[in-house]
Amino acid sequence: MSDSQGPLWEVFVQKKAGQPFVHCGSLHAFDKEMALQNARDLYTRRNEGMALWVVPSSAITASSPEDMGSFFEPANDKVYRHPTFYQIPDAIGHM
Amino acid sequence: MNNLFIYTLRLADNSLVLAQRLSEWTGHGPFLEEDLALTNVALDTFGTATSLLEYAAQVEGKGRSADDLAYFRNEREFTNVLLVEQTNGDYAKTIIRQSFIDHFNLLLYTELAKSKDETLAGIAQKAIKEVTYHVRHSSAWAIRFGDGTEESHNRAQDAVNELWRFTGELFEMDEVENALSKEGIAVNTSLLKEKWEKQVTDLLTKATLKKPETSFMQTGGRKGMHTEHLGYLLSEMQTVPRMYPNAKW
């Protein structure tokens with residue numbers, strides 16, 4: 001990708017107040033204001049949300065595919081970490 | 001012809017011609033994100049134009065539809081100001097033209113929202129939010145270009161120098177608008193001039209650009225006397241409905 005489009009930013013949209021900001025994609029922009037405006041034009045034109053975060057992609061530290069085994073597999077055989085062994089009274093309904 | 005029809009049509013033509021100009025960038029923007037951003041502005045502007053044309057057609061009451069007004073009038077019958085028909089040029093010129101118009105439109109619609117004509121007031125009310133964003137978009141770019149590289153600065157300054165002469169017309173009043181303004185329907189744009197000049201001068205200063213010294217102003221759009229660019233724009237915009245007058249899709 002040509003760098004004449006500016007650096008990459010990640011966009012997070014909040015659908016409703018109180019809900020988490022959800023990653024919805026990325027975009028190019030040269031500065032914060034442009035990133036925010038582009039996010040508005042690209043990701044919220046169909047009423048997708050009411051608040052936006054934009055974060056420089058370079059600010060994100062990600063796990064790498066090689067980490068997969070040591071990071072995530074140890075959790076596979078530890079079903080007791082899921083709270084599925086509790087009896088939930090009917091009155092409480094779906095949790 | 002009745003004054004309200006003439007006035008509504010003028011407002012409509014400003015939006016329609018500008019929207020058509022902006023839509024020329026669709027698919028040709030400097031990069032994907034900005035292509036979409038400007039296309040959004042064009043769409044907003046087409047939306048305002050549609051509402052105004054529908055109202056104009058209704059006020060006229062002669063059986064012409066909004067489409068008839070858009071597609072079956074000739075150059076001399078269009079009454080938009082000259083500024084909106086000026087060619088896109090490079091992106092700096094498009095942005096400078098847009099920032100001049102956006103600042104004007106925000107002032108205009110803010111006043112028009114208080115009009116005694118409820119339909120015009122309603123259309124203006126809806127447009128205010130859209131134009132508030134347009135101002136933010138075009139201002140940010142104007143500053144970026146003006147206060148950017150030597151190349152972008154020069155291009156932006158050239159655009160200011162070229163387009164300034166078309167800004168005087170925005171604030172002209174004639175007997176139609178004076179009469180409607182006295183009735184509390186039309187906006188007296190001559191009263192917006194000082195505010196507009198201050199806002200635009202502030203923007204230009206932030207963008208390290210200079211307001212031209214010249215006070216010479218072009219005029220004629222209201223009387224259907226246009227620059228040579230409008231004819232080309234209309235022929236492109238009107239070609240399909242004129243070739244297939246009753247086409248439906």
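Given the criterion over 18 Å from B:E85 (Cβ atoms), more than 14 Å from every other protein chain (Cβ to nearest Cβ) and assigned to a helix (DSSP H, G or I), identify the matching residue among B:I123, B:I101.
Only one candidate qualifies: B:I123.
Report, by residue number, each residue of the stretch B:63-91 that is within 22 Å of B:K248 (Cβ to Cβ) and outside any helix (DSSP H, G or I). Answer for the stretch B:63-91, where residues must be within 22 Å of B:K248 (Cβ to Cβ) and outside any helix (DSSP H, G or I): B:G63, B:R64, B:S65, B:F72, B:R73.
Yes/no matrix, rows are residues, columns are (1) out of contact with any Asp or Glu (no Cβ under 8 Å at 6 or more places or on another chain); (2) closer than 25 Å to B:F5 by Cα; (3) surrounded by 15 or more Cβ atoms within 10 Å (Cβ to Cβ); (4) in contact (Cβ under 8 Å) with a residue 24 or more places away in the chain:
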| site | (1), (2), (3), (4) |
| --- | --- |
| B:E175 | yes, yes, no, no |
| B:N178 | yes, yes, no, no |
| B:S181 | yes, yes, yes, no |
| B:T227 | no, yes, yes, yes |
| B:M243 | yes, no, no, no |
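Just need a number here: residues in the stretch B:60-86 that are surrounded by 15 or more Cβ atoms within 10 Å (Cβ to Cβ) and not aliphatic (A, V, I, L, M). Total satisfying the criteria: 11. Note on the stretch B:10-63: residues that are within 14 Å of chain A (Cβ to nearest Cβ) and of a type in the set (S, T, N, Q) total 3. For B:M1, the conditions (1) within 14 Å of chain A (Cβ to nearest Cβ); (2) modelled with pLDDT under 95; (3) outside any helix (DSSP H, G or I) are fulfilled apart from (1). Scanning the stretch B:216-249 for residues that are in contact with a Lys or Arg (Cβ under 8 Å, 6 or more places away or on another chain) and closer than 14 Å to B:E24 by Cβ gives a single hit, B:L233. Being among the basic types (K, R) and free of Cβ contacts under 8 Å to residues at least 24 places away in the same chain is the requirement here; does B:R64 meet it? Judged against the criteria, B:R64 is a match. Residues that are at pLDDT 90 or above and farther than 23 Å from B:Y133 by Cβ: does the stretch A:42-49 have at least one? No, because not a single residue in the stretch A:42-49 is at pLDDT 90 or above and farther than 23 Å from B:Y133 by Cβ.
The values are calculated or read from the model by the stated rules, or taken from the named source; none is laboratory data. Note that the structure is predicted; figures quoted are calculated from it, not measured. Every residue, glycine as well, gets a Cβ built from its backbone with ideal geometry; the counts of neighbours run over all protein chains shown.
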